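So the structure is just underneath, and the comments pick up after that.
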Amino acid sequence: MSKEKIVLCDDLADVMPPEYHELVENATYGDQDRGWKDIGSSKELIEQHSLCAGCPESIAFRYILASLPAPEDTVFVGSTGCTSLVFPHVAVHNIHSLFGNQNAIASGLKRTLKSRFPGVEKDVVVLAGDGATVDIGLDMTMQSWFRQEKFTTICFDNELYANTGGQESGLMQKGFVAKMAPKGKNFEKVRLAEIAREAGCAYVAVLTVSKPNRVEQVIKNAVLVAREIGPTFVQLYTPCILEIGKQSMEGLDEMKDSEQIGGRFVQKEYITDEAQKLLDSIKEETKIRKKAAKEAKKLVNA
Amino acid sequence: MNKQVELKNRKIIASQHVKLGQKNKMGQTYTDVNDIFYKAKQTANFMTGSEVIRAAIKVASVGTSVAYPITPQSEAAALIGELYAEGYVDEYFRGESEFAVMGQCAGSAFGGHRVFTTTAGPGTLRAMENFPMWAGSRLPIQVCVTCRGINSPLSIQPDTLEMHYLLETGMLVWHAETAQDLFDYILKGFIVAEQPDVHVPIAVCCDGFFVTHTKDTVDLPPEDLCLTPYDPYRNPQPVMDMETAPIRMMRDPFVMKSNYISYATHASWQQEVKAAVERSRKHTIPLLDGLIDEENTDREILIVGSGTAVSQSREAIRLLEAEGIKVGLVKIKTIRPFPYEEIRRATKNAKHIFVPEFNVAGWLAREIKANIPDNERVYVGPHVAGGMTMPSEVIVEEIKKHLGMEVAARGTLG
Ligand SMILES: Cc1ncc(C[n+]2csc(CCOP(=O)(O)OP(=O)(O)O)c2C)c(N)n1
Ligand code: SF4
Ligand SMILES: [Mg+2]
């Protein structure tokens, strides 16, 4: 989509909601260097959210939406769960269809967009909960990786089924007492990152959303590698504060604790050589571009 | 809803966003569906139902087809793969299960392609959660259902029970009697399902093996003509391609929040899908020449059927005629929308209505019973199941028995 498509029709401008005016005038569609730092100074692509107050999923959404390399040509695929309550407020096309089939939808979508728009990169990004990604949808998640489908899968790992009230999930920690695991979960947290690596993902990252710069880098890496090379996977710890008995302001500490040495969410990445080479070249290009822009600005100012 | 539509001078409007007469990359000429069927010279071919599916898809300008093997549609699904390799279909691959395949089809349709897939029996049931999702998402995907048993122990035999499960999915459901119907319905089905005021999925059903694996004479239009491609922007929903401004599609999420709003939204949405199915009538009637076919419906004894049960009934009627028993026939072509008015009218004079079916439930008889006055006139049967054939003699016997006539010992008839 060219940015010109997001314009207001003059005759109807007065009936459009103010937030849409802002979106047209002050969002960062088409800005090559967009990132989390735009939050606060530009119009975000998420209007509001209907998650619990303080739910880390909400900040994760904001960072991800701020970090997409090209939201004007990105389509999201969601799944059922707490995340699906947010998508209606997001200013990027997004699909909700069923619970667990997100990677099947994304496979068809990505191929069709590739076929319909041969000259344009249309990024497809899946964003779903751990139950959707690992339990009910694992088959489709993995099969899309086997087939080397070129899109990014993001899993909001809150280690349980939040939307249905806190039941056991495959990504839950061993021993955790939850609904449907009344004696404590009796098997280990599924090693999804390693499964992703072995199933053919070219780029895999596990982290929390405590640090926006890290989230930004990982999302950019994942989307750019998916464009050029193959499937990518990002697992983000977004604790369900409601179900683990935390207060609204305690989500950040929970994430920080879990990323300490020895914790479940110490940041890790698996990158294939090919993907690393691509990321290095993108980094180099960006550096040169930014330097040139700086020089140009200096010249103008001089 | 359900008003009779004037047939005369009506012509279905197909998309014209691609200029008619223009050629595609395979050298086929985009042609109006009416001209393909009613103007172009048709040539007789002797072929199996699976080959008919291939022939239809070759001229259908399909964007994506996703395949998964299950008898009796595996051959057709593989033949579409050949078309993809030749360049007639843009995108094709094997999915991992019918549930996934229908999701992949949905993704392609959300992205703006014309989408075709095939399934059968257990595959249809494995896929089931997707069908109302397709309808609710207003995706005009076509699935060709080559009906087979769904029972355990495992069966691959022809049986139309799975169609019963499709009736309330919000899809159009058409039932082909012959290989010719199958060809016609596949191509016409795309055009009807894609009309902006319809825009719901369509299941083109046929009876497995009887239609897919037998050879029949089929009139085909020239292969160098093809349907105009799907225009994704003639759509009641935005295409998920970021080519239109992202609007906030819902004020509130579709679940939770205000339950009052939620109830109202979902109820009206369901009604709209139902209404869209009904609106397909006005496009279907001119293309299929009515939702039903009638023969001698002024008679007191009628057979009403769909699929290959109609062919068997035709032969039964011939046998009965030889004995001086006159029976009329109604062939139902579209199960959804159900031709309520037409059936009421066609059965007006009947004293006895027989509904032969290839399934244990007798779902077609139930539909008819629920929609005509004096429904004690409907005799639910004969029906066979589990892959049994329905010899015309069985229909003859059942009719005679029910009418209190003497039935000759088995094997001496016809
Ligand atoms: C086929 C089907 N099975 C079950 C459900 C019920 N369901 C809705 S959301 C959900 C849990 C979602 O868990 P997760 O994917 O981890 O997302 P979260 O809510 O934790 O963010 C379940 C089981 C459903 N909607 N569909
Ligand atoms: S239930 Fe948990 S995951 Fe869902 S919105 Fe509330 S805190 Fe967040
Ligand atoms: Mg979860």
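The values are calculated or read from the model by the stated rules, or taken from the named source; none is laboratory data. Everything numeric in this text was worked out from a predicted model, so none of it was measured. Cβ sites come from the backbone with ideal geometry, for glycine too, and all protein chains shown count toward neighbours. SASA here: full protein model, heavy atoms, side chains in, ligands and nucleic acids out. Shrake-Rupley method; radii C 1.70, N 1.55, O 1.52, S 1.80 Å.
Here are the numbers for the structure shown:
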read-out	value
Selection from region B:92-111 of residues that are surrounded by 24 or more Cβ atoms within 10 Å (Cβ to Cβ) and facing chain A (nearest Cβ under 7 Å)	B:Ala100, B:Gly103, B:Gln104, B:Cys105, B:Ala106, B:Gly107, B:Ser108, B:Phe110, B:Gly111
Leading residue by the ranking (surrounded by the most Cβ atoms within 10 Å (Cβ to Cβ)) among those in region A:131-157 that are away from ligand 3 (no atom under 16 Å from the Cβ) and aromatic (Phe, Trp, Tyr)	A:Phe151
Matching residues, region B:287-300, being outside any loop (DSSP other than H, G, I, E, B) and out of contact with any helix residue (DSSP H, G or I) (no Cβ under 7 Å at 6 or more places or on another chain)	B:Asp293, B:Glu295
Qualifying residue in region B:335-352 (condition: in contact with a Leu (Cβ under 9 Å, 6 or more places away or on another chain) and closer than 11 Å to B:Glu177 by Cα)	no
Single unsatisfied condition, A:His96 versus (1) more than 8 Å from every other protein chain (Cβ to nearest Cβ); (2) without any contact (Cβ under 8 Å) to a residue 24 or more places away in the chain; (3) open to solvent by 30 Å² or more (accessible area, probe 1.4 Å)	(1)
So A:Asn186, is it closer than 30 Å to A:Glu243 by Cα, part of a loop (DSSP other than H, G, I, E, B) and more than 16 Å from ligand 2 (Cβ to nearest atom)	yes
Matching residues, region B:161-176, being among the charged types (D, E, K, R) and either in a helix (DSSP H, G or I) or under 10 Å from the mean Cα position of the chain (by Cα) (or both)	B:Glu162
Helices (runs of 4 or more DSSP H) (entirely within region A:206-302) containing at least 3 residues that are under 26 Å from A:Gly166 (Cβ atoms)	A:251-258
Hits in region B:367-387 (condition: free of Cβ contacts under 8 Å to residues at least 12 places away in the same chain and either buried (at least 21 other Cβ atoms within 10 Å of the Cβ) or within 22 Å of the chain's Cα centre (by Cα) (or both))	B:Lys369, B:Ala370
Condition check for A:Thr141: within 14 Å of chain B (Cβ to nearest Cβ), closer than 16 Å to A:Thr80 by Cα and away from ligand 1 (no atom under 11 Å from the Cβ)	yes
Conditions (1) away from ligand 2 (no atom under 16 Å from the Cβ); (2) touching a helix residue (DSSP H, G or I) at 6+ places or on another chain (Cβ under 6 Å); (3) modelled with pLDDT of 95 or more: number failed by A:Val92	(3)
Residue in region A:202-215 that is within 16 Å of ligand 3 (Cβ to nearest atom), polar (S, T, N, Q) and closer than 25 Å to A:Phe146 by Cα present	no
Entirely in region B:20-82, the strands (runs of 3 or more DSSP E) that have 1 or more residues that are buried (at least 19 other Cβ atoms within 10 Å of the Cβ), in contact with a Gly (Cβ under 8 Å, 6 or more places away or on another chain) and away from every other protein chain (no Cβ under 14 Å)	B:29-31
Some residue of region A:158-172 being open to solvent by less than 40 Å² (accessible area, probe 1.4 Å), closer than 24 Å to A:Val75 by Cα and modelled with pLDDT of 95 or more	yes
Given (1) crowded, with 24+ Cβ neighbours inside 10 Å; (2) under 22 Å from B:His266 (Cβ atoms), number of the condition B:Leu167 does not satisfy	(1)
Counted residues, region A:32-77 - those being more than 10 Å from chain B (Cβ to nearest Cβ), hydroxyl-bearing (Ser, Thr, Tyr) and over 16 Å from A:Phe156 (Cβ atoms)	2
Test: residue in region B:113-121 that is assigned to a helix (DSSP H, G or I) and either more than 13 Å from chain A (Cβ to nearest Cβ) or buried (at least 24 other Cβ atoms within 10 Å of the Cβ) (or both)	no
Selected residue (criterion: nearest to the chain's Cα centre (by Cα)) from residues of region A:146-177 that are within 10 Å of ligand 1 (Cβ to nearest atom) and among the hydroxyl-bearing types (Ser, Thr, Tyr)	A:Tyr161
Total residues in region A:103-130, condition free of Cβ contacts under 8 Å to residues at least 60 places away in the same chain and either surrounded by fewer than 22 Cβ atoms within 10 Å (Cβ to Cβ) or facing another protein chain (nearest Cβ under 8 Å) (or both)	18
A:Lys189, sole failed condition from (1) within 16 Å of ligand 1 (Cβ to nearest atom); (2) more than 18 Å from A:Val266 (Cβ to Cβ); (3) open to solvent by 10 Å² or more (accessible area, probe 1.4 Å)	(2)
